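Report on the structure given below.
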Amino acid sequence: MPVYTRIIISAEDFLSYSKDLLNQYNIHCYVEYRDKKKKASYKKVDLSQSFSKVFSEKYDCFFLCAKEPEDTSVTSFYDDEWCDDTIVAEGGRETETEIEQLDLRIISKLHNDNIRLFVNALNAKMKKDPQFGKGIETENYLNKNIFYKKGLQKIIWASFERKLFLDPIELPAE
């Protein structure tokens, strides 16, 4: 069973928030972009730089990987060679008025120790951080396992692609 962490935060803010943990556990970040023909390309994110230009309209998802591929032009992080070492992160898009939930999923059941340690440390950090809350109600269902950054003043969606079929997510009153 895959391990999920769901956070209502932009992808850019997530990388800024988790940068220390990514460095501590030697996790590399690769952003996937898709062209008009849906062909994927990957770009390594320099964690010491600003993330403001990383997540463009062509951004599809990003991967957090415990090992570094030599040639990202031919790599798929879902391949057997990489999946044990990888978390896929989907969502986290943001506009001036809306934000999309970020879903982190460990791809493989047989995951790398650094991946497991990173996820555990991230969850522990958010549980202790007063800037984050945990537990929201979505579609008349209380999900106790979704973290959210407190004080968001945006319309929150589980997915931008499916927002025509979903109600926006409402955060608990503080």
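When segment 84-93 is examined, which residues are found to be surrounded by fewer than 19 Cβ atoms within 10 Å (Cβ to Cβ) and outside any loop (DSSP other than H, G, I, E, B)?
E90
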Of all residues making up segment 106-159, the number that are assigned to a strand (DSSP E or B), surrounded by 15 or more Cβ atoms within 10 Å (Cβ to Cβ) and either modelled with pLDDT of 90 or more or not polar (S, T, N, Q) (or both): 11
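Those residues that are free of Cβ contacts under 8 Å to residues at least 24 places away in the same chain and either open to solvent by less than 40 Å² (accessible area, probe 1.4 Å) or not in a helix (DSSP H, G or I) (or both), I need them from segment 18-47; list them, please.
As a first pass, look at segment 18-47 and keep what is free of Cβ contacts under 8 Å to residues at least 24 places away in the same chain: 20, 35-39, 46.
Answer for segment 18-47, where residues must be free of Cβ contacts under 8 Å to residues at least 24 places away in the same chain and either open to solvent by less than 40 Å² (accessible area, probe 1.4 Å) or not in a helix (DSSP H, G or I) (or both): D35, K36, K37, K38, K39, D46.
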Filter pass, L164 being at negative phi and in a loop (DSSP other than H, G, I, E, B): yes
Restricting segment 48-62 to residues that are modelled with pLDDT of 80 or more and open to solvent by less than 70 Å² (accessible area, probe 1.4 Å), the residue that is farthest from N114 (Cα to Cα): C61
Residue within segment 63-79 that is open to solvent by less than 40 Å² (accessible area, probe 1.4 Å) and out of contact with any Phe, Trp or Tyr (no Cβ under 8 Å at 6 or more places or on another chain) present: no
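The values are calculated or read from the model by the stated rules, or taken from the named source; none is laboratory data. Since the model is a prediction, treat every value here as computed from it, not as a measurement. Using ideal geometry, Cβ is built from the backbone for each residue, glycine included, and neighbour counts are taken over all protein chains shown. We work out accessible area using only protein heavy atoms, side chains counted, and drop any ligands, DNA or RNA first. Shrake-Rupley method; radii C 1.70, N 1.55, O 1.52, S 1.80 Å.
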